[in-house]
Amino acid sequence: MENRVLFILIVLMIALMGCDSSSSNKSNISYTISGDTLDLSLKNDKHINVSIIIADENISFTVDGSGKYSIISIISQESQNTNEIALAAAKNSNSVSAKIKVADLPDTTIMLTFSPLENSVSSKILGNCSPLVSKSDDPNFDVNMKKWLFRKGEHLSESIVDNFLSIVKLLNKNSGSEFVASTAIPVIKSFSGNTFSVTSNMIADHYVLFACSNQNEIDNFVEEVVSNDFELTSKSLSGKLNCFRPSNASGYRCITLLGINNDWSYQQQPLGLIAIDNIPPSEMPSEDSNVINQICLKNDVIVHIPSNKPAIYGNASISIPHWDGNALNCNVTFRLSFSGDVKSFKIKRTHELCYYSQYLGYDTETKPENKIIMTKGITSPYTFTYKLHFGSGDNLIPYEIEDYHGNKVEGKLNVRAEFVRNNSPVIENNIDIYN
């Protein structure tokens with residue numbers, strides 16, 4: 001009788017553990033694990049907590065509903081320590097132990113194996129832009145990862161390093177599509193005279209290039225294209241393609257290949273970065289728009305704008321903190337403040353701001369001219385004194401501010417002057433001061 005009871009207890013313990021079959025059961029929750037796929041079945045609960053303990057990191061997340069979930073994709077999206085996970089796997093033949101915890105069910109420990117990253121066919125663009133590459137395909141990526149290994153004191157064989165790089169790239173690709181510029185970003189005024197050659201495995205009925213700064217611009221453009229019977233598109237990628245943008249749009253923009261079908265469905269692929277500068281320096285203090293560092297598109301696609309991007313936004317102002325003098329010549333102090341894309345200031349000394357005598361002509365110190373101050377080599381704020389002739393009342397001083405791409409803003413400073421002129425008193429020179 002005792003042996004029978006012991007046998008029943010052992011059977012019950014094996015059923016409760018359930019680890020050998022990589023499955024767990026409860027009245028309303030069950031799951032199985034096959035390879036790197038977690039197959040969840042939820043009868044009542046809509047939200048449950050799942051955790052993965054891997055390489056000394058506890059990754060906890062919420063699962064919404066039944067379904068199949070890629071454990072590797074979850075790790076790449078939720079982990080804050082993907083480099084450590086990749087290193088642990090690379091040092092163990094591309095495998096690493098992972099403990100899976102679903103709700104309050106017993107743990108299941110599996111060996112998670114990372115397959116070598118396969119190269120996929122990517123779209124390419126040739127033309128006046130900076131072609132985009134996947135962040136994990138960035139030539140600097142391998143260098144930065146090797147520096148990370150060196151700082152950790154991990155001096156590994158070449159084969160293990162190669163495995164490590166492959167796994168890190170795999171995890172980066174699963175975390176979303178991120179793209180970086182491969183060359184310096186060129187600056188243009190418009191797409192006039194610029195065409196592009198594109199190669200891609202994208203299959204669609206119509207193709208068109210569009211320079212966007214967000215997903216909403218793409219959606220609006222596709223709406224215009226299909227409502228106008230695909231007027232701007234090409235039926236193949238064999239020839240040169242024009243690129244379009246929102247009307248008068250400037251700034252950092254992502255050249256995106258759009259493949260639009262006759263049923264109005266469409267695909268998109270970011271290809272290159274360009275800077276369009278038709279923006280004169282702003283005279284109103286504002287947040288520096290050069291801090292823009294990424295363009296976000298649908299499906300978690302992120303296009304990173306590099307920190308060494310060309311400056312196309314600038315702030316600049318001119319003020320006169322002080323002036324003094326008489327009605328002939330005045331010493332006028334100018335203060336120039338600037339940041340970003342600002343090349344020069346021009347103060348225009350017009351003939352109205354010069355002293356002129358019908359006998360002597362213009363005064364040599366205040367003849368008409370343009371005073372040009374280049375920002376290269378000076379720091380903001382910059383002050384200097386310039387001689388001008390002021391008359392009583394309003395004195396308008398024209399100026400012009402130019403950026404490095406030929407955009408200009410003009411204005412006039414108004415200086416109000418009041419000169420008091422009293423007749424000189426009559427002084428007798430035959431006064432006897434002793435009387």
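The values are calculated or read from the model by the stated rules, or taken from the named source; none is laboratory data. What you see is a predicted model; the values in this text were computed from it and never measured. Cβ: placed from backbone, ideal geometry, glycine included. Neighbour counts: every protein chain shown.
Per-structure values
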quantity: Search result, residues across the stretch 198-253 that are basic (Lys, Arg), within 25 Å of the chain's Cα centre (by Cα) and either farther than 14 Å from ILE274 by Cβ or assigned to a helix (DSSP H, G or I) (or both); calculated: none
quantity: Residues (exposed (fewer than 15 other Cβ atoms within 10 Å of the Cβ) and in contact with a Gly (Cβ under 6 Å, 6 or more places away or on another chain)) located in the stretch 239-287; calculated: GLN267
quantity: Verdict on THR62 being loosely packed, with under 15 Cβ neighbours inside 10 Å and either at pLDDT 85 or above or touching a helix residue (DSSP H, G or I) at 6+ places or on another chain (Cβ under 7 Å) (or both); calculated: yes
quantity: Near pairs, Cβ below 6 angstrom, 6+ apart or cross-chain, from the stretch 40-62 (basic (Lys, Arg)) to any residue that is at pLDDT below 90; calculated: LYS43/ASN28
quantity: Considering residues of the stretch 27-79 that are outside any strand (DSSP E or B) and of a type in the set (A, V, I, L, M) only, the residue nearest to ALA89 (Cα to Cα); calculated: ALA55
quantity: Filter result (out of contact with any Ser or Thr (no Cβ under 9 Å at 6 or more places or on another chain) and among the basic types (Lys, Arg)) within the stretch 124-176; calculated: LYS146, LYS147, ARG151, LYS152
quantity: Matching residues in the stretch 384-396 - criterion: being farther than 10 Å from VAL332 by Cα and assigned to a strand (DSSP E or B); calculated: GLY393, ASP394, ASN395, LEU396
quantity: Some residue of the stretch 74-84 being surrounded by fewer than 20 Cβ atoms within 10 Å (Cβ to Cβ), at pLDDT 90 or above and more than 19 Å from LEU40 (Cα to Cα); calculated: yes
quantity: Residues (within 31 Å of the chain's Cα centre (by Cα) and not in a loop (DSSP other than H, G, I, E, B)) located in the stretch 397-420; calculated: GLU400, ILE401, GLU402, LYS408, VAL409, GLU410
quantity: Of all residues making up the stretch 260-278, the number that are of a type outside the set (A, V, I, L, M, F, W, C) and within 24 Å of the chain's Cα centre (by Cα); calculated: 7
quantity: Identity of the residue in the stretch 170-197, of a type outside the set (Val, Ile, Thr), part of a loop (DSSP other than H, G, I, E, B) and over 23 Å from the mean Cα position of the chain (by Cα), that ends up surrounded by the most Cβ atoms within 10 Å (Cβ to Cβ); calculated: ASN194
